[in-house]
Structure formats: C-alpha cells, structure tokens
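Scroll down for the structure; my scribbles are underneath it.
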C-alpha cells in the first residue's frame, strides 16, 4: 500500500472531526473522499498533508510513518478549495514557486522549462504573465494543479477541486482530471460532496459520515451495494419503506422478502431501501406494493412517476419512456410497484 | 410634452452646490486657513528671519532629537506590529482578545497620562527610580524617556493597519507555500510580506507622523532642557511662550511641511494599495 492511514483520530475541542479512520490507497490510484459537509473528509486530507496533526494513529507514505516529517518535506501536492494562488505572482511565478524555494535551487532556465511543460499539460500556454485575478475559475484551478504538480509530488491531494465552478466547467474539468491522472499515473486523493463527481472520476470511493468511514469500494460497489442506510441515502435517489423483520423475513404491504442475514431478529422494525429505477409498475393481480399514480414527469428519454401507497407514503419510480407508454397508466390509476432489487436494514423509520 | 431626463439619484442643483460649499468652507476655515497662517507667520519678517530661526542651534538640536526618536520608535513598532498582527491573524491562542485590547490601549489613554506613567515608573520618586539612580541610568528628563514615551504612544499604528488586512487574507497562501516546500523564512519573505507591503508602508507612515508630532507624553517626560531634551513640538511651544512668533512658526512650518509630505505619501500609497487590492481580488 502506497498511502496508508491507521486508526486516525482528530478532534477540534469537543468536536470529533475524524474518528478511527483506516484507509489504504494503492500506488497510482485515484480515490475520492465523499461525504456531506462536516463529515471529516477535508480534515483527513489535511492530516495526510501534515497541515493538521492527528490526535492518534499513523499516516504512512511509501511505507514510512510521516509523523516526524514536516509539511514542507513531505513532497505532497495540495490543491486548495479556493486554489490559494499567490495573488501577487504571475501564473508562471505561481507554478514555479515550489522549484524556486527548493534547496539547492534549480537554475532559472530549468524552472522556466518545467513551468512551460506544466502549463502545456494543463493547457494554459500563453497565460504565463497573467495574474490570478485575470483568470477564470477553471483557469485558476488548472494553475493550482500545475503548481502542485511542479514539485513532482508523491501524492496529489485535492480539496473540493471543482466546488467553486459552474456546472459546465465542472463537467469538463472532471473528465480532464481523470485523463490527466491516467497520463501521469500519480496517486491521488480528492475530497468532494458531489456523488456524481466521485463516481465518475475516482477508481475507488470512500464514503464518510460524522468522521467515520461508512464504506469503501469501487463506484459500482458503492452505488449498487450500499453497505449502510447512510450510503443508500447519500448516493442517488432512494425510496425508504418501513417494514417488519421477523426471523429472516421482511414484510411490507403486499410483499415479503427473505433477509437471511437478520434471522436472529423477531418482529423488529426495519427500513427497506429501493432505488426508483429498481422499481417497476404492473397492472392486475400479483405481488407488489399497491400504489396510485399521482404525478408523471418526463425527463428526456426516461419518465419519473410519483406514486402513493396505501399509507400515504410517496414512492418514486423511474423507467424508460417506451416502457411507460406500453403500461398505458396515467395519474389516478392504480398499479403494483414491484422491486427488482431491494435492501433491508433494521431500525426505525 | 417633453420631460427632462433626470437620474433618480440626482439632487437639485441648489442642494448640490449648498453641500459642496459647506464642505469646502469647513475645510477652508479649519484646515487650510490655520495651515496658511503657519507659513504666513513664519515668513512674516522675510526669508532671512525664517532661515535664521530654522538654523538656530536649539532648533537644530530639536530637529535632531525628533529624527532620532522617530528613527528608533518607528522600526521598533514596525517589528512589533508585524509580529503581533502575524500572531493574531494566523494563529488561535488564549488571551488573543486581551492582546488586541492591549494594542489599542495607547489610543484610549490620554498622552499626558502615558507620559506620567513613565515618570511614575522611572522618575526619581518612581518605582524603579532609586535603582536607576543607583546605577547612574537616567531615563526621565533625558532622551531614553522621550523615546520610550514615543514608542508607547505610537504602539498601535502598524498593528492596527495590518491585523484586519491579514485576517482578511487568511493563511491559505502560507499553507500552500508550506506544502510546496518553502521554509518559514521563505514563506514570510515571498508570500506574507508582499501581500501586506502597502498596508505595512501605510502603517509605518502614520506611525512616523505621530512619532515626530507627539507632544503630550513627550512633554511630561522631557523636562524641556533646551538643546538637549526638546523635540520640535516642544521647541515650538517654548518659542511661542517667549513671544518669538517668527521662530515658533518657522519650526512649526517644518512640522506642517512634514505633515503635508506624509499626506501626499499616504494618498499615493492608498492609491497603490487600492489598485493592488483590486488586482489581488477577493474571491
């Protein structure tokens, strides 16, 4: 493992920002720390960089504990959320800063060559003499990235790299970051609260909540097999249905499904999670939750149908337009909602 | 029917003119007129009398003392101001609010009281007076006392200017420099100092103007010994009390000239300052 965290704790006063986090990142991997604000992801990133000192636990880079190594000697690339470009320096001076302060200092020509190469990499040639204020948000982001890459970092850390950009630029930069990562093969960790971003860009996603890791996995694993109710709700839309769990069976209105993992529970409350696109609608008799169609929204090629069950709870269903048209349903009609995939967790709704 | 196009924020001409005249009149009576009087009185008996007054040995001694005092007080408060604002803006520690209040203390205490504090501490009857006398160290009614009092009075200028500026800038740029491998010295010289340079210069300028013009505190600790412990403001007072109006106003005109230079420099700096801050942007 190239970058490793072992049982890391960090508190700010009474606030436990990070508790008992262990994580391993392979060389060349791009990992996303995903979670809501206050989940400890930025603190974790700052601990890796050395900008915060963990109360307990270890950080290892390349197999070495870095506790005794000062921030400036860790050779880490850090891209700050608001870029933190040096406002009184030009683009070229910003990118060259890490080389300029190095001992022994490389020659001016060597620095200039490296700066040129990096600006080419981030597609910012011809902007050498601009000041940060003369750049757009996306351009600043790329300068910040070039500046971080200049010191040939062993690990690249990015704090909400696209947080301050508008939707169109975000999308472009996201793809561009992925491509850059594939070209340079650098080990990277980035923080985001945007699930789409994490799923699209990262090799592996670490979902965090209240300072703890909820789940670690590939984007597919995280999305298709959420390990906890939190992950289910945090990633994508999901319907929550109250149910009863009794000796390996979960019962909800019109449906029973086997839950062998909870065979120890008898008549306990539970919640069934099902994604809108894992629900289908059918007419006539059979298994399924009886619902009434209330509202239909066309979203390009797909349709989102809002339905209500007998208890008055809203259930969202998503399907293709062709399928919806074949069903010949409309607002006010009755149907059965049949889940293709569903996951039950014990607990009160 | 035609209607005059009037911008919604425009006041009637009468109000505009009235306000402008009132402001100009006020400035004229309270600022321009006194300043003009200083120069007019100084030159009342011609340039020769003016030059004689300015080159009087006591006047020259006063100028020398004023310059020496400023030359010691300003660098001291420059170092202290940068250190204090750095600590306050970039770190969290216990007693931070106490430190901020303490920095403001010289502003809220009357300068005469400040001078008295030093007399009570270091004067012959003061707390440390006997010890100082026993070791033949003379602070009060001597140059060191004047410098001490001036340092105290001009204490807040640099820090007050820098604290809000540095707080607004935060420490992200310093952190970025640190991660990029810069040492503490490099961070200060290459990142922090360039970011605060105009604010720092501005603070130093104000500090210098006050150091040279300070009267109250210095008056108490100086003892008014001609040619030895008189600064320029004190010299002006003595000459005036002795009805040497030309000489008094001649020395005063030098101080007034200094004020004008400071004002010009300040305006220039504010201009540069605003320009760089606009260029630096606040995102």
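Where a number appears in this text, it was derived from the coordinates with a stated rule and is not lab data. All figures in this text were calculated on a predicted structure; none of them were measured in a lab. Glycine also receives a Cβ, built like all others from the backbone with ideal geometry; neighbour counts cover every protein chain displayed.
Take every Cα pair under 8 Å in region A:133-198 that's 6+ residues apart, average their separations, divide by the length, and report that relative contact order as a whole percent.
41
Could you work out Rg/(2.2 N^0.38 Å) for chain A, with Rg from alpha carbons only?
Numbers: Rg = 24.9 Å, N = 349, 2.2 N^0.38 = 20.4 Å.
Dividing the Cα Rg of chain A by 2.2 N^0.38 Å gives 1.22.
Using only C-alpha positions, report the orientation-averaged shadow area of the convex hull of the protein assembly as shown, nm², one decimal.
Working: hull surface 196.6 nm².
Hull-based average projected area comes out at 49.2 nm².
Once you sort the root eigenvalues of the Cα gyration tensor of region A:129-215 as a ≥ b ≥ c, which label holds: rounded (a/c under 1.5), prolate (a/b larger than b/c) or oblate (the other case)?
Numbers: a/c = 1.84, a/b = 1.42, b/c = 1.30.
Verdict is prolate for region A:129-215.
Rounded to the nearest 5, what % of the DSSP beta bridges within chain A are antiparallel ones?
Numbers: 60 of 77 bridges.
The answer is about 80 percent antiparallel.
Once fully extended, how much extra length lies between residue A:348 and residue A:7, figured as 0.36 nm per residue of separation less the alpha-carbon to alpha-carbon distance?
Working: separation 341, 0.36 × 341 = 122.76 nm, distance 3.02 nm.
119.7 nm is the gain from fully extending residue A:348 to residue A:7.
Given the -39500 (n - 2.57) contribution per DSSP H run of 4+ residues, what per-residue ellipticity at 222 nm results for chain A, rounded to the nearest 500 deg cm²/dmol?
Details: 9 runs with 90 residues, N = 349.
Helix-only estimate at 222 nm: -7500 deg cm²/dmol.
Kindly state, to the nearest 0.05, the FRET efficiency for residue B:10 paired with residue B:108, given R0 = 60 Å and r defined as their beta-carbon distance.
Values: r = 42 Å, r/R0 = 0.70.
The value I calculate is 0.90.
Hey, in the GNM for chain B with a 10 angstrom Cα cutoff, which one of B:17, B:86, B:127 fluctuates hardest?
B:17
Can you compute the modelled spin-label distance between residue A:14 and residue B:124, with each label point 7 Å from Cα toward Cβ, in nm?
6.1
For residue B:225 and residue B:17, what does the FRET efficiency come to when R0 = 45 Å and r is the distance between their Cβ atoms, rounded to the nearest 0.05? Write down the numbers at each step before the final one.
On the way: r = 54 Å, r/R0 = 1.20.
For R0 = 45 Å, the calculated efficiency reads 0.25.
What is the distance, in nm, between label points placed 7 Å from the Cα along the Cα-to-Cβ direction at residue A:257 and at residue A:237?
Inter-label distance under the simple model: 1.8 nm.
Mind jotting down the three principal axis lengths of region A:117-168 based on Cα atoms? Whole angstrom, largest first.
For region A:117-168, the Cα extents along the three principal axes come out at 29, 26, 17 Å.
Could you grab the Rg to Rh ratio for region B:138-283? Cα atoms only, Kirkwood for Rh. Don't jump to the answer; show the numbers that get you there.
Working: Rg = 20.4 Å, Rh = 18.0 Å.
For region B:138-283, the value is 1.13.
How much mean residue ellipticity at 222 nm does chain B get from its helices, if each DSSP H run of length 4 or more adds -39500 (n - 2.57) and you divide by all residues, to the nearest 500 deg cm²/dmol?
Working: 15 runs with 210 residues, N = 283.
So the helix-based figure for chain B works out to -24000 deg cm²/dmol.
Using only the C-alpha atoms of region B:143-206, find the volume of their convex hull and express it per residue in Å³. Mind showing how you got there, number by number?
Working: hull volume 5.9 nm³, N = 64.
So the per-residue Cα hull volume is 92 Å³.
For chain A, find the longest principal axis of its Cα atoms and tell me its angle to the long axis of helix A:91-100, 0 to 90°, nearest 10.
In chain A, helix A:91-100 runs at an angle near 70 degrees to the longest axis.
Based on the alpha-carbon gyration tensor of region A:1-105, what equivalent-ellipsoid semi-axes (square roots of 5 times the eigenvalues) come out, in whole Å, largest first? Intermediate values should be presented prior to the final figure.
Details: eigenvalues 138, 62, 38 Å².
Semi-axes, largest first: 26, 18, 14 Å.
In what order do B:135, A:120 fall by count of nearby beta-carbon atoms within 10 Å, going from fewest to most? Can you show the working numbers first?
Working: B:135 7, A:120 11.
Final ranking by Cβ density, sparse to dense: B:135, A:120.
Take every Cα-Cα distance within region A:202-268, group them into 10 Å bins from 0 onward, and report for each bin the whole-number percent of pairs it holds.
That works out to 19, 36, 34, 10, 0, in percent per bin.
By how many degrees, 0 to 90 and rounded to 10, does the Cα axis of helix A:167-184 deviate from the longest principal axis of chain A?
For A:167-184 against chain A, the angle is about 60 degrees.
Looking at region A:28-75, I'd like the Rg to Rh ratio, where Rg is from alpha-carbon atoms and Rh is Kirkwood's inverse mean 1/r. Before the final figure, lay out the partial values.
Working: Rg = 11.6 Å, Rh = 11.9 Å.
Ratio of gyration radius to Kirkwood radius for region A:28-75: 0.98.
For each of B:267, A:292, B:150, B:69, count neighbouring Cβ atoms within 10 Å of the residue's Cβ, then give the residues from fewest to most. Intermediate values should be presented prior to the final figure.
Values: B:267 10, A:292 14, B:150 29, B:69 24.
In order of increasing Cβ crowding within 10 Å: B:267, A:292, B:69, B:150.
May I have the convex hull volume per residue, in Å³, for the Cα set of region B:36-188?
210
Note down the nm distance, to one decimal, between modelled labels 7 Å out along Cα→Cβ at residue B:83 and at residue B:68.
2.4
Limiting things to C-alpha atoms, what are the Rg and the maximum Cα-Cα separation (Dmax) for region A:259-343, in angstroms?
Both quantities, over Cα of region A:259-343: 14.2, 45 Å.
Stretch residue B:55-residue B:96 to full length: gain in nm at 0.36 nm per residue minus the Cα-Cα span?
Working: separation 41, 0.36 × 41 = 14.76 nm, distance 4.87 nm.
Net length gain for the segment: 9.9 nm.
Expressed as an acute angle from 0 to 90° and rounded to the nearest 10, what is the orientation of the C-alpha long axis of helix A:108-121 relative to the principal long axis of chain A?
For A:108-121 against chain A, the angle is about 20 degrees.
So how far, in whole Å, is the C-alpha centre of region A:154-168 from the one of region B:5-61?
57
Using a 10 Å cut-off around each Cβ, can you sort A:10, A:41 from fewest to most neighbouring Cβ atoms?
On the way: A:10 22, A:41 30.
Fewest-to-most ranking of A:10, A:41: A:10, A:41.
How big is Rg to Rh over chain B, alpha-carbon atoms, Rh as the Kirkwood inverse-mean-distance radius?
Values: Rg = 23.9 Å, Rh = 22.2 Å.
Computed over Cα atoms, the ratio is 1.08.
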